[in-house]
Every structure is written in structure tokens, then in C-alpha cells.
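As C-alpha cells, the structure follows; a few thoughts come after it.
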Amino acid sequence: MNLTYGVRYELFAPIMSHDNLVSNFTSANGGSIVTAPSNASGWANRALIQPDKNDFAPRVGVAYQFTKKMVVRGGYGIFYQHYNRIGSESLLELNPPFLQDIQLNQGTGSSTPIFQLKNGFPLSTITGTALDLTKLQLRAQDPNQRSGYVEQASFGPEYELFQDTVLAATYVGNWGRKMNRLRNGNQGLITGADSGCPIVQLPVANLNTMSNIDTLNPDPVARVKTPCVLNGQHGFLELATNDGNTDYNGLYLSLRKRMSKGFGYAVNYTYSHGLANFQDNLTGGSTPANAYNYGAEMSNSPFDVRHRLVSNFTWDLPIGRGKRFVSGDNLASNLLGGWQFNGIVTLQTGTPFSVTTPDVSFTGSNHASYPNCVGDPFAGATSDPASYTSTGFFINPTAFAFPARGTFGTCRPRAFHGPGIQTTDLSLFKMFRMTERFTWQFRAEFFNAFNHPNFANPNASFTLANSGTGGSFGKVSNTLNPILGTGSGGPGDPREIQLALKLYF
């Protein structure tokens, strides 16, 4: 048996500005901006965030040989995530008064320029001394936040079936705790109702021109078309907290044959389930539907893939010098031999997506909204990609209903999985040995060799227009986007053939 263990201590400074141009938001006394002094020293005073001094990371690993052919391995560790930047979101260095996002717009029909560059920017317009907090997006962080961390564990046996073939089964666990997530800290609380319209209390007084609002439209004529209205101006408080959770549990099976007698392969299968009560705001969309009910956000992780099979093989064709066929050292063996055939096959189920709908909670902006789930979303769904965009649908519009005013909908985010992925990549290599020093390699590579279309998730915006007769809700209209933009390749691309000639020396 082999046992390794230890503990690691980590201490990282919060993100700081060289010139202490940092401001945070405090909810004290109705809410205000707090800035770091220009002569501040020390991590906490400069960053306005207390460093986390409790980051101990234990690690342990064990390997035990039960028999000559079976070994069991396991391990556990804690790994800290000190910096989790979500693009420009939650960065205190992007707050006023040090940074202001000002828009100067010329009125419709006006021919008089707002200003001309030859005269410089109109400083009186863009450097006002007073900030109207009700018209701003403020980035705020908990000054006593803690470092997010991930617990990782694995355990399982590995068995030697043959001298060159190994079978392994491994349990893998990954649990994220105190993860960084965002919400609208100024989202309204629903305290009652008036004729079907919610009564809303906004929590941060100085971010709102009105704090306690009866959303029933006061105009009886306009009320017919617009029953409820959230009057007033309300600032967006983008609050970052470290209280998100993720859970991942998976079973990993692997059958591997190392290269011998001209052939090698690997077959890997993973069955797993990932859960999360938040998602990355940079790529995942809006903040939670209800900032005060994170329990309703626990659902599939954005990266949840239940089944994934990846296999590969390498086969040196038995032709040429020293091989089974045409084995002599002659021109024929040099021309016909030296070929290698390779392949990678990937099969996996789809990734989760959310069904969204227009917000009728009247609790402010910058938050997600979901419909009510009232039926089986896959009842009557087609499995034929040819009808995704015509008569068929991937999810059924009749399984959803619009939420009532003053509610957030009963569907959970990321509740449904989209189409899966099937790709086969093949390649054929040929070696031409010129001298002892120089060798040429010809490569013919076929990505998505069978030109299998891999479709993106369906249109999941549940609106009156989309869900009506001839609407696009539930239909799939595109293949998967390339990995890194146009031309970068990926499972959504059609067949691609690549030829290359390579010189080894």
C-alpha cells in the first residue's frame, strides 16, 4: 500500500487597484458608495475586501494492490478558487465615481451635433459631481466574503485483463462550495396584491425614487391593456456573494489496450449528474429569477452531460517492411507499407437549457423569468432531425403556461436537455523514409467523417408570438456553434478534410 497525505495553506490578496481607485456599495443608511482612501495601505483598506485567512487545503491519496492484477486507488483534496472573474461583472474597480458609463444621444429629428471632437468632450456633461444612484448599475461585493473551494474525490479499482489491456472503474465526485454568484441586490419583494397586481417593496431606499409600490396602474383607461406598472426609477445593484453550491457525481469506466502488435485502443464511458444553484453570468445569462429564493435555482448544472462515450484506436496496417504482407526491403514495401489508420468516436447526450418567458413579477429588471411547467415537455416530440424546423418540435409548447402576475413561474432553470452529439474523426497516415535522418509523413484527416449534423438546443423563449400557431418555440433551427468562433471547428461543423505533408529530421 502507498499512502500520501499533506496540507497546503493558501493566502491570496483581494483584487486591488494600483492607485486605490476602488469603490464598493454599503446598504447602511439607505445605501451609499464607499471609496478606498487614496493613501490607503493594507489589503483590506485598499481592496475594501477582507482577505480570507482560513484557506487550508488537505490532500490524501492511497493506492493498494489487492492482487497481482488488481490495484485500487483513491484520493481526496480541497482546491481553492481565489479569483473568479465573470468578465467585467462584480469588479469594484469599474464602479463610480472612478468610472462612469455616460451616453450622449442626439434627439430624433435633430440636426445639431451634441459636440464636435475638435472642441473636445463636453466635460460639464460627463463629469457631474453628483451621482444619481437610481440610474446606475453598481457592482457590490460582500466585504467579508470567503474563498470559494472545490472538494474532489475519486476511488476505484483497475484490473489487468491481459498483458496489454486494462479495465478501470472509478467514482468521481466534485463539490463546489462558497462559489461566486451574482444577483440583483435591489430586486423588489412582493408583500401583497391589489386586484391581481403585486405590491412591491424595494429594499435599498437610495437606489429607488419609490420604494413601496402598488403596481396597479392608476390610469383606469390604460389599465385595460397594462394592468400593472412598476413606477419609479430603480438602480441595479449587481451583488456578488460567495454562497453558490455545485454537486457532481460520476462513474467513469475505461478499457485501454496499449499499442502492441500494431494495434491499440481505448474506450471510455462516463455516467454522471451535475447540479448547481447558479451559473456563470458571463456565458449563462441573467441573474436568478428571485434573489430571495435560491432554493428554486437548484437544477442541472450548465455542463451536465448524463452519458458520454469516447473511443479511439490506432492501427498500423500490416503491410510493408517487417510486417505480415509485402515485408521485404524493396520499393514495393516502401510504397505500399507504412500506413496507419486512426479514429476517434464521440457520443454524448445533450446539455441543459432553460425555458424563459417575459417577466411579470414586477420586481425590477435584471433577473431571469420562467414559465409554469404544466405537462410533459417531450410529449409528441420528434426524434427525426429532418422535421425539427418544420412540422415537428423538440419540446412541446402545451407543456408550459404563462405565470400569473407577481410570480416567477414554476419551471426550474436548465431543466431540459437538448440534442446530443455524434462525431467520428478518421485519419490515414503514411510514412516515407528517405534516409536515416529524413522521413516524410503524409496525413489525410477527416473531421466529422460521416457528415453527421449535430444540432443546437431549441428555441426556448416562451412568448405569445413564439408559442402560437407556426411559432418557433421548441423547434431546433441551427447546428452547434463552433468552439471559438467562425472557422474554429467543433461538433457543429460539417465534414472537413485536411491534407498535410510533414518532414521529420
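Here are some notes:
- Tally, over region 403-436, of residues that are farther than 30 Å from residue 213 by Cβ and touching a strand residue (DSSP E or B) at 6+ places or on another chain (Cβ under 9 Å): 21
- Looking across region 245-278, the residues that are more than 22 Å from residue 344 (Cβ to Cβ) and not hydrophobic (A, V, I, L, M, F, W, C) come down to 245, 246, 247, 248, 249, 273, 274, 277.
- Restricting 348, 340 to residues that are more than 30 Å from residue 287 (Cα to Cα) and either open to solvent by 30 Å² or more (accessible area, probe 1.4 Å) or touching a Gly at 6+ places or on another chain (Cβ under 7 Å) (or both) narrows the list to 340.
Yes/no matrix, rows are residues, columns are (1) open to solvent by 30 Å² or more (accessible area, probe 1.4 Å); (2) polar (S, T, N, Q):
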| site | (1), (2) |
| --- | --- |
| 423 | no, yes |
| 439 | no, yes |
| 445 | no, no |
| 451 | yes, yes |
| 461 | yes, yes |
| 464 | yes, no |
| 469 | yes, yes |
| 496 | yes, no |
| 505 | yes, no |
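- Looking at 64, 83, just one residue is in contact with a Phe, Trp or Tyr (Cβ under 9 Å, 6 or more places away or on another chain) and in contact (Cβ under 8 Å) with a residue 40 or more places away in the chain, and that residue is 83.
- If the condition is being under 30 Å from residue 287 (Cβ atoms) and in a helix (DSSP H, G or I), then region 371-424 contributes 397, 398, 399.
- When 66, 25 are screened for being buried (at least 16 other Cβ atoms within 10 Å of the Cβ) and of a type in the set (Phe, Trp, Tyr), only 25 passes.
- Counting only strands (runs of 3 or more DSSP E) that fall entirely inside region 116-213 and contain at least 1 residues that are free of Cβ contacts under 8 Å to residues at least 40 places away in the same chain and buried (at least 17 other Cβ atoms within 10 Å of the Cβ), the qualifying elements are 197-201.
- Residue, least open to solvent (accessible area, probe 1.4 Å), within region 28-58, restricted to residues that are part of a strand (DSSP E or B) and closer than 21 Å to residue 147 by Cβ: 57
- Selected residue (criterion: farthest from residue 292 (Cα to Cα)) from residues of region 352-370 that are assigned to a loop (DSSP other than H, G, I, E, B), touching a residue at least 60 places away in the same chain (Cβ under 8 Å) and open to solvent by 50 Å² or more (accessible area, probe 1.4 Å): 358
- Candidate set: region 315-335, residues that are closer than 16 Å to residue 443 by Cα and crowded, with 17+ Cβ neighbours inside 10 Å; chosen: the one modelled with the lowest pLDDT: 317
The values are calculated or read from the model by the stated rules, or taken from the named source; none is laboratory data. Here the structure is a predicted model, which means the values were calculated and not measured. FYI the Cβ positions are ideal-geometry reconstructions off the backbone, even for glycines, and counts take in every protein chain you see. Areas reflect the complete protein model, heavy atoms only, side chains present, ligands, DNA and RNA absent. Shrake-Rupley method; radii C 1.70, N 1.55, O 1.52, S 1.80 Å.
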